[in-house]
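Structure first, commentary second.
The values are calculated or read from the model by the stated rules, or taken from the named source; none is laboratory data. It should be emphasised that the depicted structure is a prediction, and the values quoted were computed from it without experimental measurement. In this analysis, Cβ positions are derived from the backbone assuming ideal geometry, glycine residues included, and neighbour counts consider all displayed protein chains.
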Amino acid sequence: MQGLNGAAFDKAFMQSQVDTHRKLHEAVSALNASTTDKHVKHVTSLALATITEHTERGQMLLSKLG
């Protein structure tokens, strides 16, 4: 993103955030699926809801940035 400014920076930044959230969702989903610990399942379920919401908001912002 170095060297970018304005709308180009905004779009690149949001794309990196969405990509990172997708990777995070995959990792937390894998942890949730592989654990038998009810506390870990609970925490990962809460985290997945937040990660999903953030990813959707990021995608919405990306679509507005064009």
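Descriptive notes on the structure:
- Residue count for the range 1-16 under the criterion of being out of contact with any Ser or Thr (no Cβ under 9 Å at 6 or more places or on another chain) and touching a residue at least 12 places away in the same chain (Cβ under 8 Å): the result is 7.
- Exclusive hit being loosely packed, with under 12 Cβ neighbours inside 10 Å and assigned to a helix (DSSP H, G or I), set K11, K41, K23: K23
- Flag if L65 is in contact with an Asp or Glu (Cβ under 9 Å, 6 or more places away or on another chain), surrounded by 12 or more Cβ atoms within 10 Å (Cβ to Cβ) and at pLDDT below 95: yes
- Sub-8 Å Cβ pairs linking a first residue in the range 21-48 that is free of Cβ contacts under 8 Å to residues at least 12 places away in the same chain and over 25 Å from M60 (Cβ atoms) to a second residue that is of a type in the set (S, T, N, Q) and surrounded by 14 or more Cβ atoms within 10 Å (Cβ to Cβ), at least 6 apart or interchain, are T35/T44; V40/N32; K41/N32, ordered by first then second residue.
- Exactly one residue out of A7, A12, A27, A47 is among the hydrophobic types (A, V, I, L, M, F, W, C) and modelled with pLDDT under 95: that is A7.
Each row is one residue, and each column tells you yes or no for (1) closer than 20 Å to F9 by Cα; (2) within 15 Å of the chain's Cα centre (by Cα).
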| site | (1), (2) |
| --- | --- |
| A27 | no, yes |
| T35 | no, no |
| L46 | no, yes |
| T55 | yes, yes |
| G66 | yes, no |
